[in-house]
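In what follows, a single structure is set out as structure tokens and then discussed.
Bear in mind that the values in this text are calculations on the coordinates, not laboratory data. None of the values given here were measured: they were computed from a predicted structure. Cβ coordinates were reconstructed from backbone atoms using ideal geometry, including for glycine residues, and neighbour counts include every protein chain displayed.
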Amino acid sequence: MTAQPRILASHSPPEEIDLDVVGRVVELLTQCRMLSLTSALLAVQWASARGARERAAFASAFHADRRAYIDAISEKMRIAPFMARLPEIARPRAAVHGFLDTLQQLETDGTEMDHASAAKLAERARLHVHPALREIILYLEGKIREGQERERAGVAARADLVDRTLHDMGRIGRMIGSISINASVEAARAGGESGRAFQVIAAEVRDLARQSATLLEEMKQRLAERLR
């Protein structure tokens, strides 16, 4: 029986991650770390408040933080959909989005927060959501450092290539200058019509050497400005 060839699964190339986007995501998640704890604290204060006015104030503050958390995670999902495809942060991401689902299910008007619900929300925020957000932030900060190191390495490699190119051009320019001097010497030796022909060639070569030196200096200045 003839063995059938195996069909290898195709793998798409790694997705390029915009470092500016990752930086913005880190800002949003840092904000969410604070909001996860403050919203939980406000829920406990809301449930523990005695007077109607005090309860209303804590309820309003809780819902403001709740909405801010939802908005921040929603913006993160909008600008960084690639995060849903990162297996390294799948577990902490599930904790963060599970907390999002819980907050979205709470009604904004007329909802009373009881002690059991507030305690459960606070425990979840402290033990699961807050550490999960920290884990994701540390992962993304590592990605930012890796990207910055790649950029620096790329700049260094380009600078080295430019330096070697300019060095070679300078060497060629010096060779042209030497040729012009030799041509002038030969023109003086030859004399007559041959000497005049050599002089014309020597003058052209000297002019070429000057042009090469000027061009080289201009290129050095332009490249130095780009690499700053």
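What the table shows:
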| read-out | value |
| --- | --- |
| At most 16 other Cβ within 10 Å, DSSP loop - GluC sites (Glu not before Pro), the range 82-152 | Glu107, Glu112 |
| Principal semi-axes in Å for the range 19-152 [√(5λ), Cα gyration tensor, largest first] | 32, 13, 12 |
| Ranked by how many other beta carbons lie within 10 Å on average, peptides 33-43, 75-85, 55-65 from highest | 33-43, 55-65, 75-85 |
